[in-house]
Amino acid sequence: ASCGRAAGEEASSSGQSVALVTPERAGDGGPTDQMLAGLDRAKAEFGLKTRHIEATDTSTYESTLRNLGQAKLDVVIVAYTGFTEAITAVAPEFPDTQWIHLYADPRKAELSNVRTISYDTGAPGFLAGVLAATATGGTKVGFVGGVASPQVNADYHAFVAGVRATDPAVQVLGAVVGNWSDPVKGQQVAQTLLARGVDVVLSYGGGSSVGVVKAARQSGGLVITDTLESQDGADVVVATASQNYDVTVYQQLSEVQRGTWKAGHLVADLSNDGTALNKAELFRGTGAEGPRAKLPPAWTAVEKARRGIVDKKITVPFDTTGF
Amino acid sequence: MMDLLVLCLQAATPIWLAALGGLIAQRSGVLHLGLEGLMLSGAFTVVAVTVRTGSLALALVAAIGVNLVISVVFWLLISQLKANAIIVGLAISMTAAAGTTFALVTIFGSQAAIHTDAALPRPLDLTNGPLAPLGKLTVLTYVAVALTIAAVLILTRTRWGLRLSVCGVDEFAARSAGVNVVLTRLAALCAAGVCCALAGTELALANVQSFSENMTQGRGYLAFIAVLLGGVSPAGVAAASVFFGLADGIGVRSQLGLHGLVPVQFIQMLPYLCTIGAMAAAALINRRRGVSPPTNVDDLT
Amino acid sequence: MIAGRVRGVLRPLSVVSIAIVLVLLIYGLLGYSVTAVVDGVLAGSVTSPSAAEQTLRWTVPLLLMGLGIAVAFKAGYFNVGAQGQMYVGAMASLVVGLWGDGRAPVLVIPLAFVAAVLAGAVWSLAAGLLRLLLGADEVVTSLMLNFVAVLLLQWSTSGPLKSRAGTGQAATSESIDAGYRISTSTGVSVPIFVICAAAVAVTAILVNWTRTGLEISLVGRNPVMARWQGINSTGVGLVVFGFSGGCAGLAGAVEAFGPAGSLRAGFSPQVGFMAVVVALVGGLGALGVLLAALFFGALRAASLYLPVVTNLPQSGIDLLSGVIALLITATGIPLLRRRRRRRRAPTAGGTSEVADRPVARRREVVAR
Amino acid sequence: MSILDAQDGPAGARTRAEAAVTLDCEDLAVRFGSFSALDGVSASWRGGAVNVVVGQNGAGKTTLARVVGGLQEPVAGRVRVDEAELPWGSVSGARQRGVELVHQHFSLPREFTVAQALELFSSAAGAAKLFSRRALRVRAAAALARTGVEVDPDAKIGSLPVESVQALEITRALVSQPRVLILDEPTAVLPPPGITALFERVRELADSGICLLLVLHKLSEVYEIADTVTVLRDGRLVLPPTDPGEVSRQDLAELIVGQATPDPPKVAPPPEGAPVVLRATALASRASGHDAAIDLPGLEIAAGEIVGIAGVEGNGQRSLVEALIGVAPLDDGQVWLDGVEITGASVRKRRSLGLRAIPFDRNVEGVSRSGSLWENHAVLRRSTDRWWLARRRQRQRCRNDLDRWNVRYRSEQQPAGDLSGGNVQKLILARELNEGVRFIVAAHPTRGLDLGAATAVRSAMATATGSGTAMLLVSADLDELFLLSHRIVVLCGGRPTGVFTAPFDRAAIGWAMTAGEPS
Ligand SMILES: Nc1ncnc2c1ncn2[C@@H]1O[C@H](COP(=O)(O)OP(=O)(O)OP(=O)(O)O)[C@@H](O)[C@H]1O
Ligand SMILES: Nc1ncnc2c1ncn2[C@@H]1O[C@H](COP(=O)(O)OP(=O)(O)OP(=O)(O)O)[C@@H](O)[C@H]1O
Ligand SMILES: [Mg+2]
Ligand SMILES: [Mg+2]
């Protein structure tokens, strides 16, 4: 099998060892898969030894990072702010390891071997709101989140701001699935929204988004997801609102290779293509009638808003309170 | 209204089917905590086989076959090797979760969800009229209804049913009546395996037509709870499963309705609190009728 | 006697070996390196000080919760709500810890632990009272309270207790003042050992050396006889539910004040469930639970270490734990017993054919 | 009407000799661990006769019955019915060949209704066939009518009085037209009229050619009904099936016990001017299960006095006992123990004041079958006991008491369920008749006990009261009541219908027991 490589074989290859630690599982086409894509590209190019570790239990963060440090990995990439305490505790113990923290807050006291990268996540959500509000054939658009977490709350509020800024008459129906990997429940939640007249949905549901896409295919509707495009959703997924993690991971690793890598903080946003609302390349457009017709003007509106944000004429709200 | 009912039935069907399996097992005296795992293995097998062969019938046969094998292993462990049924049940759920994902990686190369075009037949085709939403129900919802009726008839109206039930309430009586308790449990576990294969099929093929890792997300444990909540009777189990479906449906609606008034977590708590309330109410009713609560772990160690 | 002891040790060892061989066989067939896995399991759980530290770190919650569960099971109460009880305990201790705000640790830490124990006990008694007063099945209610506690934790870590550090996008609580922590993030320290030793000792004494312990086991086995003997079953039930919830709450406080230092939504999602396995594998006795907790703690440490050194996907590693749990309670009776021994066999040793234990949750007598 | 008429149909006309069945056991051996419960038992019983098996508690009678019935797999030996060998350890195999076993500890599931239970034991073809509720009820009613048992087919087994359950056990055995019928201690739970009725039925069955095996304890019953008597001792056959006319009572007793039988207990004369230990006024309590509610104007028992309660089972005995023990609340009235009012006191309080109980069903109210002997013994808290449990001392205390009571046990750590019924009873006595005892409520204390054990129990109770303890003795055995009681109160419908003092008038008591009832 493709995955059947022995540890012994790897020891013979000379490249650096890199581990990616994510709290979410791979396979849902979401951020984790994007990071893996970047990792794979770097691996092919630089001959790295790579490993992906799923740390789905938040109480294992420290243990996992410590294990990696002890195994003398050269580079460890971790994702999301949940790792802040773990890195603070572990990174100083292993100064020879270079730690890259994606989707992190800037540190008050910087660590000499840690680079943090934050994403302006509100912007894609805002743009999705613009797209949805312009494209909708009715007066309702929807938001589906995975779990009610501060991060999802912030995305929701950005989406609502985008909708409001475009057309105050459009109403946003938002709900959470309660689970990052329950496509069946995701389908049910989306079905409820669609039955209430929603025709464009922003789905930030991780693995549950699969169900949202299915519901849209069944009942007619368009979906904006945070996942990689796939053939399966080609007829309803119009856009992906996401952080370009693959780009970041690849760039960071190439800096490590070139020796230009240094600790500190980096912001990825619309201006440097760190985040974006991307047009779905695969979109075939068999989804809802009304919205499809309005897509071209909608994309124009999105582009305008994008420039507004880059030029700081528009500020995207950041609000982690519940919705 | 009709929409809500259909949504609830859709949400309830997988739980319902698995709970019927749990009911049969519990009637024979086995607490079946492996429902979750069997549901997952059923879902995986059905999707994997349809992806590879395109044949729904073949997939269903394969899913049932796989679940029968697991059920026989369950039986061997608890009856021949005297392992603890609760631990083996939990372990089957753990192993199935890991095993299906591992198989996903090994066979399909990644952990990503696998999609299939196979769809379950939807027997009612009411394109118009107030009953139109019923057309969304798959054949397995009707199977669940039929199995419930069959279970009522078999359990209370045939000697088979009596012989099955006596194994759960009084083993000594069962043996005195010449019932082979061990083999009865094998049969019951196999029946539970088949029910779970159907439950997994409904889960994977009804709407999402895909398998993604650990997609049961605790529905098997809910099915186990439904057996207890339903007082280990077919009608009660059906009612409890529909109640869980309803809780799902109402949960989403109240999220939209109570938007911004109450933190969403408190809305999400409602189904669980309602279940506790229902259990307490059932206990009160049972107490009125003089039925004593069945609980003990004396024989666990 | 001694032969029995030896068998008592050999049996789980052989079962674990069988499970490992079985899973290794699968790995081998799929082309993974078997030696790397074996090395990884040992290196991750026992062979180095840091590995042993990891083993202990994961033993602690399993042990504390397993002890409480064992006592509840012994009394015939199937309290499966340890997960939720741990969460509310952790939240209660965290609230006290944050309230502490520079006050003397000798005041704050004990107060936090008392709060955690009380909160866990109250959460457990919610299910317990429904059971004792109304007869509502505690499996259902305690499991449902788990879900409620999960959501409460989710709400508090993304609401009132949420960390204000940074942009606050993670569902993480404020951190406890470093002065209050009872261990570093390794989760191994003298205070934690003392707490565990005390918990084992208290449980052992309660179960074996007190009249309440005797009453607990008799109420669980035969409630009617207990009533005729004047045992206050409701009182015993309250003690048992309170004790098991308190233990789980304590585990939550140890987590908050020990390795974690703050709480994150949905932390340790499997530990309540594994603690049930630990309690049952440990034979519901204090020492048995200690050994079982060490074993499953080591397994957890190993499975966290394996992905660092092998290419196995996480699911492949989980498979190993699953298969071990599957086999761990099997007794070594040969699979194929000769059903029809030769007639007039000169030697003996037969028991009745269907001597298997009833597996249902039934008391030895049905309460009247 | 003969019970078998309806079942045998034309075959009912066959003569005794033609129909007679034989049951042969050859070299049966059963072992539990290293313990031999049966050892080389060979015997042959013929149909058409009432074959009685006797033996001490733990002699192996139940084990023998279970081997024949297929519930217990022997390690060696064979069982044949009419030359056809029975498969080992298969109940269905034995039942197919016409062997039915009626257990002393009933085998009808308490959760089932009468009709369901009878259907469960039916061996007719068509187990998968649907039946209607009515058909089930009609079938059950027919079976009940044939055996003359009057119970509601829809009643739950658990709600029926013991007598009815006993009768139902026989009904369910007869439904499948047995050729070999084994009744394990069927008389133990029956009151005298019930025993008479049972023996009539047994006689009829034997006359129809069935091979009947009856396990009994009381010699008077043996001589009343037996055509052959077989004696087991310590798992061995010490008397092959023999006409009881050929063995004297004395010899039979010695064969059973293995030595001369002990003398019956000497009960001290009723105390004069002794202080009243138990006083109750205007007792009224609700019905307990299927037992009648009680309505008792007053009751006084003095130190050293034994008051017997006679009555047909179900006439308030259980309600009275439960009210005195404190496990069921009183509706009205007051109770004092040694002058201390205990009307609303908890069971624990009562026990600490010296109230002790020998419960109705030792396996339900008496012991935890899976608990060890010492735990079952230590559960009764003594005045010297503190909150901790001195295990070593408790175990020592348990061993001492068990040895003093001649309990047959291997270790104080073995589960109580391993003991034979008689030994369980002695365990309970050893626990209850101990320091601090002031008042004993004894319900059927010798039920199911063998000669020696019963005598020992009675002697112990007599000794206990001799030293100033008061006792309330509930028994279905009039001989026992006459032997021990100073006074006898007859309960009928929960009311006292007569109070008698020694010498007792059997006829008058018998009349009082049925007074107030229409028949
Ligand atoms: N399952 C068992 N395990 C161990 N010992 C047993 C078991 N069943 C019975 N025995 C023992 O075998 C012996 C014979 O028991 P059995 O029940 O046959 O006696 P019995 O003659 O029926 O006595 P009783 O007069 O009290 O009814 C007893 O000493 C009993 O303790
Ligand atoms: N209530 C019960 N539930 C389950 N098994 C029982 C029960 N009572 C008895 N047994 C079984 O029957 C075996 C023999 O015990 P039993 O009580 O019949 O002894 P016994 O000697 O026949 O009693 P007795 O002296 O009252 O006749 C026990 O070892 C046990 O396995
Ligand atoms: Mg017996
Ligand atoms: Mg007996």
query: How far is helix A:122-135 tilted off the main Cα axis of chain A, in degrees rounded to 10, range 0 to 90?
result: 20 degrees
query: Which whole-number value in Å² is the accessible area per residue of the stretch B:146-301, probe 1.4 Å?
result: 33 Å²
- request: List the residues whose amide H sits under 5 Å from the amide H of A:Lys140, counting only those 5 or more places along or on another chain, with H placed 1.01 Å from N in the peptide plane.
  value: A:Gln171, A:Asp199
query: Averaged over all directions, how much area does the convex hull of the C-alpha atoms of the stretch A:212-314 cover when projected, in nm²?
result: 8.4 nm²
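Show me you know the interface measure: the accessible area buried between C and B, both chains summed, probe 1.4 Å, in Å² to the nearest 100.
Chain pair C/B: roughly 6200 Å² of buried accessible area.
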query: Using the heavy atoms of the protein chains alone and a 1.4 angstrom probe, what is the accessible area of the stretch C:169-285 per residue in square angstrom?
result: 26 Å²
statement: One finds the C-alpha centres of the stretch A:148-195 and the stretch B:35-102 to be spaced, in Å, by 35 Å
- prompt: What number, rounded to the nearest 500 deg cm²/dmol, is the helix-based mean residue ellipticity at 222 nm of the protein assembly as shown, given -39500 (n - 2.57) per DSSP H run of at least four residues and division by all its residues?
  reply: -16000 deg cm²/dmol
field: Contact surface A-C: accessible area buried, both sides summed, square angstrom, 1.4 angstrom probe
entry: 3300 Å²
message: Filter A:Lys140/A:Lys304; B:Lys82/C:Lys74; A:Lys108/A:Lys262 down to the pairs with a C-alpha to C-alpha distance above 25 Å, please.
response: none
query: Roughly how big is the protein assembly as shown's charge dipole about its Cα centre, with Cβ charges of +1 (Lys, Arg) and -1 (Asp, Glu), in debye to the nearest 20?
result: 760 debye
query: Beyond 15 Å, what percent of the Cα pairs of the stretch D:72-137 remain?
result: 64 percent
- request: Over the whole of D:120-129, what's the average partner chain Cβ count within 10 Å per residue? Rounded to a whole number, please.
  value: 5
task: Can you spot the lysines whose alpha carbon is less than 16 Å from A:Lys72's alpha carbon? Ignore those fewer than 8 places along the same chain.
output: A:Lys49
statement: So for the protein assembly as shown, using the alpha carbon gyration tensor with a ≥ b ≥ c as root eigenvalues (a/c under 1.5 gives rounded; past that, a/b versus b/c decides prolate or oblate), I'd call it prolate
- request: Find which of B:Leu134, D:Ser208, B:Cys8 sits farthest along the positive direction of the dipole of the protein assembly as shown, computed with +1 on the beta-carbon of Lys and Arg, -1 on that of Asp and Glu, about the Cα centre.
  value: D:Ser208
task: Quantify how strongly other chains surround peptide D:368-375 by giving the mean number of their Cβ atoms within 10 Å of each of its Cβ atoms.
output: 6
- request: Please work out the Cα center distance from the stretch D:366-383 to the stretch A:52-96, rounded to the nearest Å.
  value: 55 Å
- request: Place +1 on the Cβ of every Lys and Arg and -1 on the Cβ of every Asp and Glu in chain C, take the dipole about the Cα centre, and give the residue among C:Leu326, C:Gly31, C:Val202 whose Cα lies farthest towards its positive end.
  value: C:Leu326
- prompt: Share of the stretch B:81-182's accessible area from carbon and sulfur, percent, 1.4 Å?
  reply: 68 percent
query: Which helices of chain B meet both criteria: a Cα extent of 18 Å or more along the helical axis and a mean Kyte-Doolittle score no lower than 1.0, with helices taken as whole DSSP H segments?
result: B:2-27, B:35-53, B:56-75, B:85-108, B:139-157, B:181-205
- prompt: What ranking of B:Cys274, B:Cys195 comes out by heavy-atom accessible area, probe 1.4 Å, highest first?
  reply: B:Cys274, B:Cys195
- request: Keeping the other protein chains in place, figure out the carbon and sulfur percent of the accessible area of the stretch C:49-177, with a 1.4 Å probe.
  value: 72 percent
message: What are the ³J(HN,Hα) couplings of the stretch A:49-64, residue after residue, when phi is run through the Karplus curve with 6.51, -1.76, 1.60 and θ = phi - 60°? Round to Hz, x for glycine and proline.
response: 9, 10, 8, 10, 10, 8, 9, 7, 9, 4, 7, 9, 3, 4, 4, 5
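Per residue, how much accessible surface does chain A expose to a 1.4 Å probe? Answer in Å², no decimals.
The answer is 35 Å² per residue.
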task: Report ³J(HN,Hα) in whole Hz for each residue of the stretch D:333-347, in order, from the Karplus equation J = 6.51 cos²θ - 1.76 cosθ + 1.60 where θ = phi - 60°; Gly and Pro get x.
output: x, 9, 10, 10, 10, 6, x, 8, 6, 10, 3, x, 5, 6, 4
task: Rounded to the nearest 10 degrees, what's the angle between the helix A:31-46 long axis and the longest principal axis of chain A, both from Cα atoms, 0 to 90?
output: 40 degrees
query: Excluding ligands and nucleic acids, what accessible area in Å² is computed for A:Arg196 using a 1.4 Å probe, to the nearest 10?
result: 90 Å²
field: Buried solvent-accessible surface, both chains (D, C), 1.4 Å probe, Å² to nearest 100
entry: 3900 Å²
Solvent-accessible ranking of D:Ser164, B:Ser28, largest area first, probe 1.4 Å: D:Ser164, B:Ser28
- request: List the residues whose amide H sits under 5 Å from the amide H of D:Ile358, counting only those 5 or more places along or on another chain, with H placed 1.01 Å from N in the peptide plane.
  value: D:Val441, D:Ala442, D:Ala443
query: Which value, in debye to the nearest 20, describes the size of the charge dipole of the stretch A:176-323 about its Cα centre when Lys and Arg Cβ atoms bear +1, Asp and Glu Cβ atoms bear -1, and nothing else is charged?
result: 300 debye
- prompt: With no solvent and one point per C-alpha, what does the Debye sum give as log10 I(q)/I(0) for the stretch B:85-127 at q = 0.14 Å⁻¹?
  reply: -0.58
statement: Where a ≥ b ≥ c are root eigenvalues of the Cα gyration tensor, a/c under 1.5 meaning rounded, otherwise prolate if a/b exceeds b/c and oblate otherwise, the stretch D:176-310 counts as oblate
task: Find the all-direction average of the projected area of the Cα convex hull for the stretch C:49-107, expressing the result in square nanometres with one decimal place.
output: 6.1 nm²
query: Which of C:Ala279, C:Ala171, C:Cys247 sits closest to the plus end of the dipole of chain C, meaning its Cα is farthest towards the positive end, when Lys and Arg get +1 and Asp and Glu get -1 on the C-beta?
result: C:Ala279
query: Ignoring any ligand, DNA or RNA, what whole percent of the accessible area of the stretch D:275-335 comes from carbon and sulfur when the probe is 1.4 angstrom?
result: 51 percent
- request: Calculate, for D:Asp403 and D:Val138, the FRET efficiency according to 1/(1 + (r/R0)^6) with r their C-beta to C-beta distance and R0 45 Å; round to the nearest 0.05.
  value: 0.20
The stretch A:95-254 - charge dipole about Cα centre, Lys and Arg +1 at Cβ, Asp and Glu -1, debye rounded to 20: 400 debye
Whole-angstrom gap from the stretch B:204-272 to the stretch B:127-150, using each part's C-alpha centre: 19 Å
statement: Counting sequence-distant residues (5 or more places) and residues on other chains, those with an amide H built under 5 Å from that of A:Thr50 are A:Val18
query: Sorted by accessible area with a 1.4 angstrom probe, largest first, how do A:Val130, C:Val114 fall?
result: C:Val114, A:Val130
statement: Averaged over the residues of A:62-72, the number of partner chain Cβ atoms within 10 Å of each residue's own Cβ comes to 6
message: With θ taken as phi - 60° and the coefficients 6.51, -1.76 and 1.60, list the Karplus ³J(HN,Hα) couplings across the stretch A:232-247 in order, rounded to whole Hz; mark glycine and proline as x.
response: 4, x, 4, 8, 10, 7, 8, 7, 10, 9, 7, 8, 8, 4, 4, 4
- prompt: Which shape class, rounded, prolate or oblate, goes with the stretch C:235-327 when its Cα gyration tensor gives a ≥ b ≥ c as root eigenvalues, a/c under 1.5 marks rounded, and past that a/b bigger than b/c marks prolate?
  reply: oblate
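The values are calculated or read from the model by the stated rules, or taken from the named source; none is laboratory data. This one's a predicted model, so the numbers in the text were calculated from it and none came from an experiment. Every residue, glycine as well, gets a Cβ built from its backbone with ideal geometry; the counts of neighbours run over all protein chains shown. In case anyone asks, the SASA skips ligands and DNA or RNA and just uses the protein heavy atoms, side chains included. Shrake-Rupley method; radii C 1.70, N 1.55, O 1.52, S 1.80 Å.
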